[in-house]
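For reference, the structure discussed in these notes is given below.
The values are calculated or read from the model by the stated rules, or taken from the named source; none is laboratory data. What you are looking at is a predicted structure, and each value in this text was computed from that prediction instead of being measured. Backbone-built Cβ (ideal geometry, glycine too); neighbour counts: all protein chains shown. With ligands, DNA and RNA removed, areas are computed over all heavy atoms of the protein, side chains included. Shrake-Rupley method; radii C 1.70, N 1.55, O 1.52, S 1.80 Å.
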Amino acid sequence: MSKLTDYSAVARFDSGDILIKDGTNGTKKITVQKAAIEFAGLVSVQNHRNIWGGRNLGSSVSAEQRAAIQAGTFDNLFVGDYWVINGITWRIWDMDYFYRCGDTDFTTHHLVVVPDSALYNHVMNDTNTTGGAYVGSKMYTEGLEQAKTAFKAAFGDMVLTHREYLTNAVTNGYPSAGAWFDSEVELMNEIMVYGCHVYAPMGNGSTIPNRYTMGKQQFAAAMLNPSIVNRRFTYWLRDVVSSAYFARVFYFGNADYYVASDSFGVRPYSVIGG
């Protein structure tokens, strides 16, 4: 048998190259592409949210996957992985994003899941007003019910309730108040998608808008793969922009806003685990 040093040298791997793995389960082969993901996951639990997996996980959450979520190991689960359930692609956008947050301590390990497509279209309000902010909108009071049904049809009792701070009043076009609410399914905000506020109002030295939020950092999927944000359709975000406008992601890919009475995509997130 030749020594390893006798083989020709190369500078790069090809995705289909094979490595040999030897351990307690015997000697087996693995492609370098799969090995690369595994090696990254072995660095730490937290590193699972820094790796884009992009793999099809099946048509339901398996017992092994559910156990890995419950334990907070996220074994063989990475951001970008997805399930195709009821004709919808449900993709992992983050892991333990809300862990130990909320006015009630949220101590359940979880995934943040977002559909690849809008589930349907809906208005924010019947007229061009943001009165009542997000919580007072028709979207919040009625428009998310179909989305909640879709998430529960896909994930059943794995859909978790956590606490979210949401705006519930607008004064002179500024979000002016908010409160803690039980949350199952919500629209994303600008920070979750873009990593920062874009059109949500800033303070002007005398008026300080209510921008308290649990969505204080960009979801990992949007950071690792910005193309996942834009799928060539327009969808609403929950940020109040003015007395008539809410924020949205425009189908050209740009950050945008529009009048509340127009109908655009509902692409919300939910938290699964348990």
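Does segment 95-106 contain any residue that is in contact with a Leu (Cβ under 7 Å, 6 or more places away or on another chain), part of a strand (DSSP E or B) and either at pLDDT 95 or above or crowded, with 23+ Cβ neighbours inside 10 Å (or both)? Yes, some residue in segment 95-106 is in contact with a Leu (Cβ under 7 Å, 6 or more places away or on another chain), part of a strand (DSSP E or B) and either at pLDDT 95 or above or crowded, with 23+ Cβ neighbours inside 10 Å (or both).
Can you spot a residue in segment 5-26 that is open to solvent by 30 Å² or more (accessible area, probe 1.4 Å) and closer than 18 Å to Y97 by Cα? Looking through segment 5-26, none of the residues is open to solvent by 30 Å² or more (accessible area, probe 1.4 Å) and closer than 18 Å to Y97 by Cα. If the condition is being surrounded by fewer than 17 Cβ atoms within 10 Å (Cβ to Cβ) and either modelled with pLDDT of 95 or more or under 14 Å from the mean Cα position of the chain (by Cα) (or both), then segment 196-207 contributes only C196.
Mind checking whether some residue in segment 146-161 is part of a strand (DSSP E or B), open to solvent by 10 Å² or more (accessible area, probe 1.4 Å) and either of a type in the set (A, V, I, L, M, F, W, C) or over 30 Å from S206 (Cα atoms) (or both)?
The answer is yes, given that some residue of segment 146-161 is part of a strand (DSSP E or B), open to solvent by 10 Å² or more (accessible area, probe 1.4 Å) and either of a type in the set (A, V, I, L, M, F, W, C) or over 30 Å from S206 (Cα atoms) (or both).
Does segment 1-50 hold any residues that are outside any helix (DSSP H, G or I) and hydroxyl-bearing (S, T, Y), and which are they? Answer for segment 1-50, where residues must be outside any helix (DSSP H, G or I) and hydroxyl-bearing (S, T, Y): S2, Y7, S8, S15, T24, T27, T31, S44.
Among the residues making up segment 80-94, those that are in contact (Cβ under 8 Å) with a residue 24 or more places away in the chain, open to solvent by 10 Å² or more (accessible area, probe 1.4 Å) and of a type outside the set (V, I, T) are Y82, N86, R91.
Taken over segment 162-211, the residue count meeting the criterion of being outside any strand (DSSP E or B), free of Cβ contacts under 8 Å to residues at least 24 places away in the same chain and farther than 22 Å from V249 by Cα is 5. Look at (1) more than 21 Å from A133 (Cβ to Cβ); (2) free of Cβ contacts under 8 Å to residues at least 24 places away in the same chain; (3) open to solvent by 50 Å² or more (accessible area, probe 1.4 Å); (4) part of a loop (DSSP other than H, G, I, E, B) and you find that Q217 fails only one, number (2). Looking across segment 220-245, the residues that are in contact with a strand residue (DSSP E or B) (Cβ under 6 Å, 6 or more places away or on another chain), under 25 Å from D262 (Cα atoms) and either of a type outside the set (F, W, Y) or crowded, with 17+ Cβ neighbours inside 10 Å (or both) come down to T234, Y235, W236, L237, D239, V240, V241, A244, Y245.
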